[in-house]
Amino acid sequence: MESKHVIVAGPDPHARTEIAQAFRALGYHVIPAENTSLAGEALAAADAEYLVLGLGFPRIDPDALRRAIDPAGSAEPESLDTVERRHIERVLQQTGGNRSRTARLLGISRSTLLSKIRRYGLP
């Protein structure tokens, strides 16, 4: 019998262990991933049948995940403000909150970034 693979990714080690044990009991080969980078590497390398993903990762965007799973299910497009806010928030997270670097990556001035941060109520 060919081994079936499942990637179990989540920030909670206890939950990952419990879920992994359940899949192992069903005969799956479990590939654990404690962070999103490891989960991405596992997805690229493994021929997995399932991905169990804990949504507690700070960089998981549930709306983007929902659209990826069911693109036809998206009722209407998002507003430009919504997309811009989410993108600025992600880049801020990626730069560790460094606003000068964020502005450079976004191709806008620091003062424009600060204005948008205030406008969208970002930290």
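The alpha carbons of the stretch 7-63 stretch over 31, 25, 18 Å along the principal axes, in descending order. Which of Ala44, Ser109, Gln94 sits farthest toward the positive end of the charge dipole of the chain, with +1 on the Cβ of Lys and Arg and -1 on the Cβ of Asp and Glu? Going by the Cα projections, it comes out as Ser109.
Against the chain, whose longest principal axis comes from its Cα atoms, helix 36-45 is set at around 50 degrees. Put in line by how crowded their Cβ is, counting other Cβ atoms within 10 Å and starting with the fewest, Tyr28, Tyr50 read Tyr50, Tyr28. Between the helical axis of 13-25 and the longest alpha-carbon principal axis of the chain there is an angle of about 40 degrees. Would you indicate which of (1) 2, 10, 19, 21, 18, 13, 8, 5, 3, 1, 0, 0; (2) 2, 11, 23, 25, 19, 12, 5, 1, 0; (3) 2, 10, 16, 15, 14, 14, 12, 8, 5, 3, 1, 0, 0 is the value of P(r) over Cα pairs in 5 Å bins from 0, in percent derived from the coordinates of this structure? Checked against the structure: label (3).
Charged side chains reduced to their Cβ positions (Lys and Arg at +1, Asp and Glu at -1) give the stretch 80-120 a dipole of some 140 debye around its Cα centre. Remark: the stretch 46-51, residue by residue, has Karplus-estimated 3J(HN,Hα) of 9, 9, 7, 8, 9, 10 Hz, where x stands for each Gly or Pro and the curve is 6.51 cos²θ - 1.76 cosθ + 1.60 at θ = phi - 60°. P(r) for the stretch 80-120, from all Cα pairs and a bin width of 10 Å, is 34, 63, 3 %, short bins first.
Here, each number is a calculation from the coordinates, and none is a lab measurement. Just so we're clear, the structure is a prediction, and the values are computed from it rather than from any experiment. A quick note on method: Cβ atoms are made from the backbone with ideal geometry, for glycine too, and the neighbour counts reach across all protein chains shown.
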